[in-house]
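Report on the structure given below.
The values are calculated or read from the model by the stated rules, or taken from the named source; none is laboratory data. Please read all numbers here as calculations on a predicted model, not as lab measurements. Cβ placement follows ideal geometry from the backbone for every residue including glycine, while neighbour counts extend to all protein chains displayed.
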Amino acid sequence: MPVSNKKRSVPLVAIVGRPNVGKSTLFNRITGTDKAIVESVPGVTRDRIYSDMNWNGRNFSVVDTAGLEPLGRDAAPPGAKEQAAIAIEEADLIVMLTNGMENPVPEDIEIMRMLRKSGKEVFCFVNKIDHEKHEKFVDNFHFLGEVKMRGISALHGRNTYELLDDITAALPPAKAEKNGAADEPIRIAVLGKPNVGKSTLVNTILQKERMITSPVPGTTRDSVDVPFEYGGGKYVITDTAGVRRRAKIGGSVERLGTLKAIRSIAACDVAVLMIDASEGPSRQDTRLAGLIEDRGKSAIIALNKWDLAPQAARETKDIGRKTVQRLGGALYFSKTVTISALEGKKINRLFDCVTKAHKWHREKIPTRKLNDFLKRAVKGGPSVFRGREFKAYYISQVRVEPPGFVIFTNATSMAVPANYSKYIEHGIRKEFGFEGTPIRLFFRKRENKDVVKRG
């Protein structure tokens, strides 16, 4: 259930526009997640999708909405207009997205008219301007009025940093938070395939039979939130329905439970992926690991039923690395804990990892320390790619949850080799930590280091 902006302490930005103009792609691009995703689960109406983010030190939320068809030419999703109206009412700033590869249509005019009536500040970003030579198409939309306008490519990331700069510069001051993030409970989602022991773990933590447990796979049909305290910390734990292979998903109730399990990833602070140690990682586990990483969540791998694991597995020195390898490399940043949910073994260790991962997910590194690191990294790393000297001028952390860093270089993100990006990420982790959380790197082109703002 979406949270009303009335309860938010940070500004809200709404993304609206016609269907298929790239709203969800833009949402995923700027939030660094894949929350705006359509699962192949029949009968589920698409809702507004929210994400909290930080850019240039400003905290704000973004909401993605279903496509608008104000003239009713096409069949819009049920309730789409009402959902968009709520998002517009809640928003402090509205981003109208258009398709630069199509001529403007009457719906664009009608949507802009509706947005102007709201009295909110409106930006118009023209999407699918993938190359500088396409900028001429932006002029086609100036008839919409005197609003902030920019050509972007949500798919390729062109001008999306500038878009975020525009947004943060126009946002109203954030409202004072009551007691800061420290008073908020850590939201934990327990995920895994059916009968892996998720409900048993929750019951062991709560020390009572809060969840229905059974040896029959699929006993938990819904995602249930339970607030509690453990070791002096506040938590909300979500026991989710087991995620099966698509071919094995049964009736509509189980389909809905599977979708809610996937959505619980988006709502959590830390995801605990439970794997049956007696069987090892499965295809479902690999799929879940990919979903967790794509959504930028902190993660812990819990190898449950460790007492039943094969002797060879129990004697493996680096079981975490081996598990990540079997997950196809997903969740490479996570800690692996061997537990027995039934017997309550190493639950304290699990919570210690959860707390640390949550801390690193929100960590902010001072700019001075980052640039001291970058100077050393540039001197010790590769400097020539494709016959051209590569230069990195400046680094700044622009977001948390997950942590994100912009590196100003003489090359675009598409021109920076993947191995160099991995080299920088490895260096950041070795220098500062960030254990249990993914980090995002954004490379921004600057031809001369003197143009980089150092504030």
Review point. If Ala312 satisfies every condition in (1) surrounded by 19 or more Cβ atoms within 10 Å (Cβ to Cβ); (2) not in a strand (DSSP E or B) but one, which is the exception?
Key: (1)
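Quick one: which residue in Ala302, Ala289 is of a type in the set (Gly, Ala, Ser), under 23 Å from Arg440 (Cβ atoms) and assigned by TED's automatic domain parsing to the domain that holds Thr338? Break it down stepwise before answering.
Working: Ala302 fails: under 23 Å from Arg440 (Cβ atoms).
Of the residues listed, the single one that is of a type in the set (Gly, Ala, Ser), under 23 Å from Arg440 (Cβ atoms) and assigned by TED's automatic domain parsing to the domain that holds Thr338 is Ala289.
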Check your understanding: For region 183-193, does any single residue satisfy the condition of being out of contact with any Ser or Thr (no Cβ under 8 Å at 6 or more places or on another chain) and part of a helix (DSSP H, G or I)?
Key -> yes
Exercise for review: State whether the residues of region 105-112 include one that is more than 24 Å from Thr168 (Cβ to Cβ), surrounded by fewer than 19 Cβ atoms within 10 Å (Cβ to Cβ), free of Cβ contacts under 8 Å to residues at least 24 places away in the same chain and assigned by TED's automatic domain parsing to the domain that holds Glu162.
Suggested key: no
Review point. Which of the following residues is assigned to a loop (DSSP other than H, G, I, E, B) and more than 24 Å from the chain's Cα centre (by Cα): Ile111, Ile129?
Key: Ile129
